[in-house]
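Working notes for the structure below.
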């Protein structure tokens with residue numbers, strides 16, 4: 001984890017380039033975007049990680065893998081017609 005550059009500590013969190021960063025939530029542990037500043041951890045991509053995880057999964061999370069739905073069955077007759085058309 002690298003340090004946040006140009007960061008200043010405030011009562012509400014850490015101010016970086018005009019953005020107030022809130023500390024990370026438990027779901028953020030293990031993410032590559034987590035940065036440390038004065039023994040607290042913050043997200044380098046989103047200022048309020050709690051709201052990012054409120055809808056389910058954070059789209060910036062590098063440690064959470066997306067579950068891929070199983071492949072739908074392909075009709076072999078339709079597949080051969082598509083291949084013949086060059087699609």
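Nothing in this text is a laboratory measurement; each read-out follows from the coordinates by a stated rule. Please read all numbers here as calculations on a predicted model, not as lab measurements. Cβ: placed from backbone, ideal geometry, glycine included. Neighbour counts: every protein chain shown.
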note = Summing -39500 (n - 2.57) over every DSSP H run of at least 4 in the chain, dividing by its residue total and rounding to the nearest 500, the 222 nm mean residue ellipticity is -5000 deg cm²/dmol
key: Kirkwood-Stokes translational diffusion coefficient of the stretch 7-85, alpha-carbon pairs, 25 °C, 0.890 mPa s, µm²/s   = 159 µm²/s
request  = Report the calculated FRET efficiency for residue 83 and residue 45 (r = Cβ-Cβ distance, R0 = 35 Å), to the nearest 0.05.
outcome  = 0.25
ask   = Any idea how far apart residue 62 and residue 10 come out in nm if each label point goes 7 Å out from Cα toward Cβ?
value = 2.7 nm
task = Return, for the Cα atoms of the stretch 28-74, the radius of gyration and Dmax in Å, separated by a comma.
result = 14.3, 55
remark   = Contact order relative to length for the chain, counting C-alpha pairs under 8 Å separated by 6 or more residues, stands in percent at 21 percent
